[in-house]
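One structure is given below, encoded as structure tokens.
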Amino acid sequence: MFNVSTKILEALLKNESIEEVFRFELEKALNELFLIELDAFLDYDKYDPAGYNSGDSRNGFYSRTLHTVYGDLNLQIPRDRAGAFHQKTIPPYRRSSDTLENFIIEMYRHGITTREITDLIEKMYGHYYTPQTVSNIVKAVEANVRAFHERVIGRQYAVIYCDATYLNVRRDSVAKEALHIIVGITPEGSKEVLDFALFPTESASNYKEMLENLRDRGLEQVLLFVTDGLKGMKDAVLEVFPKAMYQSCWTHLCRNVMKYIRSKDKAAVMADLKPVYTANSKESALDCLYDFMEKYQKLYPKAVDVLNDLDNLFTFYAFPEKIRRSIYTTNLIENFNKNLKRGTKQKEQFPNEESLERYICTYCTDYNKRFSDRIHRGFKESRSELLEMFDKL
């Protein structure tokens, strides 16, 4: 259940009302969701240097009260300076929460089991909903999960990012398992979670299986795959989409280089490495790379060896300059995973795979709706060039 289980137990032992526990935790959760929404809208985290001179920034909060069965929630809704951010968690002008049935559905969508929901309702309202009754109410949620995994997707994606994050799942015991995520950007610049799947560990063969499924559901052309350099990943994606290009994430490359650098030298080495992937052209980048390798070959040979695969380092230079900042790292999908994990902290662990699927599907569906009509940075200006690249495949 929620990580408030201990607080609920303490309230029951003290013969105190648990409604206040739920009211406080619900208020806290909603206010956190608003901040996550704003992070996604601005496309950078608070205090992230990426937000400097971005044209928009955070601008305080305004208060709002929402009436619920637990009592009034005092909500702090963030604002942006451009006035373009509108939160989607609570519908505009809504002052009261939904019916009990809708509340049951929302709990179920977010990973709570039917048995847990039954127990909660009995404690809150004093009457009993059988697990079967709750199951009947939430059948539509299961259909949504199946529909997400079976839906037809677009023919073309300019960029596809692949990454995994580890979540606690209970089977015979609680263990971390790898949630594989695939996010794409269309030639028009819309971001979309294409699919997700749970496996015991992350592997290239798992992504290959997922990509084959996407191909069967309508995906025909991909210009570029961006991944963290997982072993065998390049071969796996190119087996499914042989005409695509491949880019290793520079953030991970830099981390791997830094593993072999003494602490006292890390700042200087990083300063010398940065011009390699921020150069204006591939030719300049190669010059900077050779200078770097020559300078550190004797002192840090293992660090230099990390950068030996030239085929994967500079693929992003084949793309329009306006979008290069978004495609030389996996930062886009890593931010998605970070916000996703922030939401999963409400649960100590998922009681089963189905519970996790419902929660992840809800998060991904909401993400896709939020970004379906937003154009990612630089793609509007680059659309014609990207379409020309598709024509040449």
Failed condition for T68, given (1) at pLDDT 85 or above; (2) farther than 17 Å from L356 by Cβ: (1)
Among the residues of the range 198-209, is any within 17 Å of Q156 (Cβ to Cβ) and part of a loop (DSSP other than H, G, I, E, B)? no
When you look at K274, is it under 23 Å from the mean Cα position of the chain (by Cα), in the same structural domain as T330 (by TED's automatic domain parsing) and surrounded by fewer than 17 Cβ atoms within 10 Å (Cβ to Cβ), yes or no? no
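Condition (residue is surrounded by 13 or more Cβ atoms within 10 Å (Cβ to Cβ), at pLDDT below 95 and assigned to a loop (DSSP other than H, G, I, E, B)) applied to the range 138-148: is it met by at least one residue?
Among the residues of the range 138-148, at least one is surrounded by 13 or more Cβ atoms within 10 Å (Cβ to Cβ), at pLDDT below 95 and assigned to a loop (DSSP other than H, G, I, E, B), which makes the answer yes.
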For the range 313-323, enumerate the residues that are surrounded by 18 or more Cβ atoms within 10 Å (Cβ to Cβ) and either outside the structural domain of Q247 (by TED's automatic domain parsing) or part of a helix (DSSP H, G or I) (or both). L313, T315, F316, Y317, I323
Return yes when D56 is assigned to a loop (DSSP other than H, G, I, E, B) and at pLDDT 70 or above and no when it is not. yes
Is it the case that some residue within the range 280-291 is among the hydrophobic types (A, V, I, L, M, F, W, C), closer than 20 Å to R324 by Cα and part of a loop (DSSP other than H, G, I, E, B)? no
Hey, does the range 173-183 have a residue that's buried (at least 17 other Cβ atoms within 10 Å of the Cβ) and part of a loop (DSSP other than H, G, I, E, B)? no
All positions within the range 285-296 that are more than 18 Å from C254 (Cβ to Cβ) and surrounded by 14 or more Cβ atoms within 10 Å (Cβ to Cβ): D287
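The values are calculated or read from the model by the stated rules, or taken from the named source; none is laboratory data. Computed from a predicted model, the values in this text were never measured in an experiment. Using ideal geometry, Cβ is built from the backbone for each residue, glycine included, and neighbour counts are taken over all protein chains shown.
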